[in-house]
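Notes for the one structure printed next.
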């Protein structure tokens, strides 16, 4: 049985299609007696006004775009999947659904968002993985497409939500210093990646605060975010004349690589990762946990809330605190 | 600047709104000269016909519903996230987007799918996590909502795609037998979960084929899919008077728990997991890999392909072969 249409309702109530439409959209135009007859027919048939037609009238799709990227084969990276779950749950509370789309690169992403927005398929979009000089924020502002960003570059004139990455690595260093470590290495992304730079900064400033930076400065290594690279960088650290006794890694993927080298060499090296992926639990890896459910809610509020207008020029950011989860990888050394 | 409307085009071309609509939907009704003028205005203004309006005419949203579940805190479970990525990529090739929705349970899922389908927001839905006596397939059939299932129960009168779970554990057992193991345990879901029963069946029949079932029958343990439970079941196995020398686990989560016990006790126990999660790579865990990209494409074809009609009564299933990835956890013993 197909769902009942407005024609079915009109036939059952003995009125025109237009009268049914008036009952739904301009009831004051319809005589009470007729209105009751139409409403009874709507009730009896279980008719629901077409949401697509409603969205045409309301100029809102109640849908939020989200670019889903292909799986990264080398990273544990469930971070963006966690964000997706969090946004879906937070969107539900705000009566919005997520529309997933794919794109080849940031420019293609903007093109696809523009097409979806013009077509009325989405009201706005969530973006993440913000880079320095990211082309998406200015392009979306110019297109007047509402958006909220997970991440920031520094002087963002739009709605953003971020976690305090520097505070996360700072907490990791404080924890290691408290446990007696004096030479603490950092493994991170290549410089220029905003998230990676902030994680490096938290490590650097906290070591400096404790007067330990000079003894650890040579232990700052960067490279691609893969398990193999984490293992390789850990070998380089252990072969140094003054090796570290602890490592703070910018991701759990790098940290898992470090743990592999530690296990193979039976080395004594405390390790803290970042993101608290499911793998961290499986490896007993201490890790900095992002409050991703709170990020999801904050992003939905930022996108849909009354405070945010696409015309405004003031930044509207929200910085959330991460939490260090301590496990055996840093608690046994 | 707002996107141009049909009114803007009409004004620029000096014609009525209806004429613009005719050019878009019934060009044969419009004189060539007028048509060219309207088409030039469309081109010049960058006007794109409203997709929502088009979908009203075409009675298709080009959108596929997918229920996203909350993150499981205890499982490594990136399997459904991998499916989501695969469906998004496969949907892109078929010019369809995914609409994510949430639900409290299978009945709530059907209710939400029904509402979205009636509202014209989705053309059909993908379901997964199929259980024995799953209420969703019969309910969706009755509502005449197109759907495809990842997973099956046995006599499914609808479109489904599944991996050959029994073949996966069979390959794991063959691998272990070849390496000299004679007592091979199985850790799995509680009985009655279709996927878990098939994984147990592959283990049982392959041991039986090699005449090893009698010596291993007591090593079949079931329980919840968590790391802690995997570790606990592994302890129970190792304390048995005739302990196994190898374990096939129904999930990487259980296998990771086994590895934790193995490491703590310095036990000699080969381990093979299932799903080839990112964690399997980090733990050097052998695991059965599901061809999830192929599953995504097969599900999109099953849902959108011409062969499948919601009215048909014949099952339309596709069974895909998994692949065993051998790593150190089973190759060094």
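When we screen B:267, B:256, B:282 for residues that are within 20 Å of residue B:236 (Cβ to Cβ), without any contact (Cβ under 8 Å) to a residue 40 or more places away in the chain and either in contact with a helix residue (DSSP H, G or I) (Cβ under 7 Å, 6 or more places away or on another chain) or assigned to a helix (DSSP H, G or I) (or both), the only hit is B:267. Restricting the first member to segment A:213-228 and to residues that are under 17 Å from residue A:170 (Cβ atoms), and the second to residues that are surrounded by 15 or more Cβ atoms within 10 Å (Cβ to Cβ), the beta-carbon pairs closer than 6 Å and six or more apart or on different chains are A:213/A:207; A:216/A:183; A:216/A:184; A:216/A:207; A:219/A:185; A:219/A:244; A:220/A:186. When A:317, A:230 are screened for being more than 13 Å from chain B (Cβ to nearest Cβ) and either touching a strand residue (DSSP E or B) at 6+ places or on another chain (Cβ under 6 Å) or in a helix (DSSP H, G or I) (or both), only A:317 passes.
Where helices (runs of 4 or more DSSP H) fall wholly inside segment B:7-75, no range has 1 or more residues that are assigned by TED's automatic domain parsing to the domain that holds residue B:229, buried (at least 18 other Cβ atoms within 10 Å of the Cβ) and at pLDDT 85 or above. Consider residue A:167 carefully, then state whether it is touching a helix residue (DSSP H, G or I) at 6+ places or on another chain (Cβ under 9 Å) and within 14 Å of another protein chain (Cβ to nearest Cβ). It is false that residue A:167 is touching a helix residue (DSSP H, G or I) at 6+ places or on another chain (Cβ under 9 Å) and within 14 Å of another protein chain (Cβ to nearest Cβ). Number of residues in segment A:259-275 that are within 11 Å of chain B (Cβ to nearest Cβ) and surrounded by 24 or more Cβ atoms within 10 Å (Cβ to Cβ) equals 2.
Does segment A:187-208 contain at least one residue that is in a helix (DSSP H, G or I), at pLDDT 95 or above, farther than 23 Å from residue A:129 by Cβ and touching a strand residue (DSSP E or B) at 6+ places or on another chain (Cβ under 8 Å)? Taking every residue of segment A:187-208 in turn, at least one turns out to be in a helix (DSSP H, G or I), at pLDDT 95 or above, farther than 23 Å from residue A:129 by Cβ and touching a strand residue (DSSP E or B) at 6+ places or on another chain (Cβ under 8 Å).
Residue A:303 fulfils the conditions (1) over 30 Å from residue B:277 (Cα atoms); (2) assigned to a loop (DSSP other than H, G, I, E, B); (3) at pLDDT 90 or above except for a single criterion, (2).
Annotation: of all residues in segment A:136-157 being crowded, with 16+ Cβ neighbours inside 10 Å and more than 20 Å from residue A:105 (Cβ to Cβ), the one that is modelled with the lowest pLDDT is A:156.
The values are calculated or read from the model by the stated rules, or taken from the named source; none is laboratory data. These numbers come from a predicted model, not from an experiment. All Cβ positions, even for glycine, are placed from backbone atoms using ideal geometry, and neighbour counts span all protein chains on display.
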